[in-house]
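One structure is given here, and the rest of the page talks about it.
The values are calculated or read from the model by the stated rules, or taken from the named source; none is laboratory data. Because the structure is predicted, anything quoted here is derived from the model rather than measured. Counting neighbours? That spans all protein chains shown, and the Cβs are built from the backbone with ideal geometry, glycine included.
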Amino acid sequence: MPFPLSITQKFYIPEDFVKTHEIDLYSAVSLVFGELERNHATDLIRKGTDLRFRSEKSLFAIPFDSNIKFQNDEFGIFLTVESQTLPFIRIILAVIVFSALLSLYSVISFIIFAPIFIFLFYTVNVIVIQNNNEKFFAHLFGVANFDFDSSEATERRQKEWLKDVNRCPACGTFVSTIDYYCPECGLKVKQNISSMPLNITKYQNRIVKYIYTKK
Ligand SMILES: [Zn+2]
């Protein structure tokens, strides 16, 4: 399949926000529900900790459906937003068929036009939707630059990984006792045992942030 039929984004509710507003899973759902109502989302449905709605916050205000799942894990409350891209794919198909009919005598221009149109139209809509979702939740949870998953949550996660000798502290991949390097990111995970003075239980409150690049 050349295009995914939906785009998924995961957002952790910032720890500060959870503490100051005493947010739990259910009040988080209510909070987002109210904010969606104020932002003119239509067909808004709540089922337990799931929300469904339709919005027009895309390029050319083409309506599309989304659903939000609210969940808890050891790092806090997070929501997974899934936005359906089917309406955009339908428009792409319609435009392609229409332009194919128009360009019966100019196959070359069609061959050039079609992929450019598909790429631009799809990509731009995905970017617009992702940015709008990010802005929406950043505004709601009172953070300026919303980078939930890569900063705060990663730090918390890495702190957990550090306590577990079977996990790579940088990326969380399980490493076996025979591994000297993490099979996923290549970080050196095992030292010569005698030269390893680190007592992990001593540094429970320390945040260690590894910045790594894939090989
Ligand atoms: Zn790793």
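A quick yes/no check of all residues on (1) modelled with pLDDT of 90 or more; (2) surrounded by 16 or more Cβ atoms within 10 Å (Cβ to Cβ); (3) within 23 Å of PRO4 (Cα to Cα):
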position	(1), (2), (3)
PHE75	no, yes, no
LEU79	yes, yes, yes
PHE88	yes, yes, yes
LEU102	no, no, no
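If I go through the range 42-59 residue by residue, how many of them are farther than 16 Å from GLU134 by Cα and touching an Asp or Glu at 6+ places or on another chain (Cβ under 9 Å)?
Qualifying residue count, the range 42-59: 6.
Condition check: among the β-branched types (Val, Ile, Thr), within 30 Å of GLU15 (Cα to Cα), modelled with pLDDT of 90 or more and loosely packed, with under 13 Cβ neighbours inside 10 Å. Does ILE127 satisfy that?
Judged against the criteria, ILE127 is a match.
Identify, from the list LEU79, LEU51, LEU31, the residue that is more than 30 Å from LYS159 (Cβ to Cβ) and of a type outside the set (Asp, Glu).
Just one listed residue meets the conditions, LEU51.
Kindly indicate whether any position in the range 152-166 is at pLDDT 80 or above and within 17 Å of the chain's Cα centre (by Cα).
no
What residue, among those in the range 157-176 that are of a type in the set (S, T, N, Q) and assigned to a loop (DSSP other than H, G, I, E, B), is nearest to the ligand (Cβ to nearest atom)?
For the range 157-176, the residue satisfying everything is THR173.
Write out, first by first residue and then by second, each pair whose Cβ atoms fall under 9 Å of each other, whose residues are 6+ apart or on separate chains, and whose first residue, in the range 162-173, is on the phi > 0 side of the Ramachandran plot while the second is near the ligand (Cβ under 6 Å from one of its atoms).
Listed pairs, sorted by first residue: GLY172/GLU184.
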